[in-house]
1. Does residue 248 satisfy being touching a residue at least 60 places away in the same chain (Cβ under 8 Å), farther than 29 Å from residue 91 by Cα and among the charged types (D, E, K, R)?
2. Could you tell me how many of the residues in the stretch 70-106 are assigned to a helix (DSSP H, G or I), surrounded by fewer than 21 Cβ atoms within 10 Å (Cβ to Cβ) and of a type in the set (Gly, Ala, Ser)?
3. Let me confirm something: among 338, 308, 314, which residue is touching a residue at least 40 places away in the same chain (Cβ under 8 Å) and either part of a helix (DSSP H, G or I) or not β-branched (Val, Ile, Thr) (or both)?
4. Before we move on, is residue 276 assigned by TED's automatic domain parsing to the domain that holds residue 208 and buried (at least 22 other Cβ atoms within 10 Å of the Cβ)?
5. If you go through the stretch 341-371 one residue at a time, how many are among the aromatic types (Phe, Trp, Tyr), free of Cβ contacts under 8 Å to residues at least 12 places away in the same chain and under 19 Å from residue 327 (Cβ atoms)?
6. Taking the condition of being buried (at least 17 other Cβ atoms within 10 Å of the Cβ) and closer than 22 Å to residue 209 by Cβ, how many residues in the stretch 227-267 meet it?
7. Could you tell me whether residue 314 is over 26 Å from residue 365 (Cα atoms) and basic (Lys, Arg)?
8. Could you please tell me which pairs satisfy a Cβ distance under 8 Å, a separation of 6+ or placement on different chains, a first residue in the stretch 49-60 that is assigned by TED's automatic domain parsing to the domain that holds residue 78 and over 12 Å from residue 85 (Cβ atoms), and a second residue that is aliphatic (A, V, I, L, M) and in a loop (DSSP other than H, G, I, E, B)?
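The values are calculated or read from the model by the stated rules, or taken from the named source; none is laboratory data. Source: prediction; values computed, not measured. FYI the Cβ positions are ideal-geometry reconstructions off the backbone, even for glycines, and counts take in every protein chain you see.
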Amino acid sequence: MSHHHPENDPKYIGLNVNAGIEKPDSVNADSVQRFLKKGKRQVHSPDEFVEGILSGNITILSQAVTLVESSKPEHQKVAQEIIIKCLPHAGKSVRLGITGVPGAGKSTFIEALGKKITGTGGKLAVLAIDPSSERSKGSILGDKTRMEELSSDSNAYIRPSPSAGSLGGVARKTREIIILCEAAGFSTIFIETVGVGQSETVVHSMVDFFLLIQIAGAGDELQGIKRGIMEMADAIVINKADGDNYDKAQLAAAQFRNALHLFPPTGSGWFPPVMTCSAIENTGIQQIWDVVNDYITLTKENEYFFNRRSDQARYWMYETINETLRYNFYHNHLVKPRLQHYEKLVLDNGMSSFIAAHELLAAYYKSVGNE
């Protein structure tokens, strides 16, 4: 769109101002735009994406992951087509959830275990579920460059958490990213989270083996751990068992073993072991990987592994329905402008909570019915 510039009048000799260009639309994922569009033409069709992923092309995998993470409807449409086509090639990896309090040395541990896997020819993808602080919009998990050795490993792929707002949204996208990584030939998937909030429950619902990392401190390790996390753990690892900390770590391990005996037996027929390791000194890492493989062998033999995956698939179907309905309701054009009004009525005792909810839902149903 050209604008007339008075400066270009012949009487202003020697002065020439170029016509401006229209300001491009702001996009929530610039990186998507860069590769998805060249002029008006798409660079990759869904089939080309799938072909690239199946051939193990990391660049194309990363581009597909960026599409999954984008909230733009046109990107989601392409992403879902890619996921559907990748599904038959997914599901063949071991999915390992890793959680622990900040400071437990998770990054060093992941790097040590990760190098053990890639060193024997395995391919590893490290994904994160990061319950980013809704208040500060900041990320609790630090920069992924902390895993320098693993980052430069050609058999490893590290991807930070998708910033999809709600934990449910992040989790759904992470599950979709798992499918893409498996289709790209990654034999092991790590899902990392910080041991705070509800994120462990979410990670537990998408992995085969759940590992809790602890460190020995003042001898009251058990006090700070929620019973729910202990019940989820398939193994507990006391990290930083080195130097002056070695004896403390052994003592902490003994305390955890005693505590685990009080828990009811698991449906898998597996009793969670408690181990010690030093990620920095690389001691105890091989034993931990052996334990994971023992668990996978046992649970595949007794069918628990496959039943659990089926339960998870069912759970995520319903979770996605709930998440989508919730999002659609709160972003509906008739509901959104009325929310504050009804909230005020409820707070001023002008209307009951139930009537307010029913009226808002009625507005939603009406708008959906008219579409």
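1. Answer is no for this residue.
2. 0
3. Going through 338, 308, 314 in turn, just one is touching a residue at least 40 places away in the same chain (Cβ under 8 Å) and either part of a helix (DSSP H, G or I) or not β-branched (Val, Ile, Thr) (or both): 308.
4. So residue 276 passes the test.
5. Qualifying residue count, the stretch 341-371: 1.
6. The total comes to 16.
7. Spelling it out, residue 314 is indeed over 26 Å from residue 365 (Cα atoms) and basic (Lys, Arg).
8. 56/184; 57/184; 58/184
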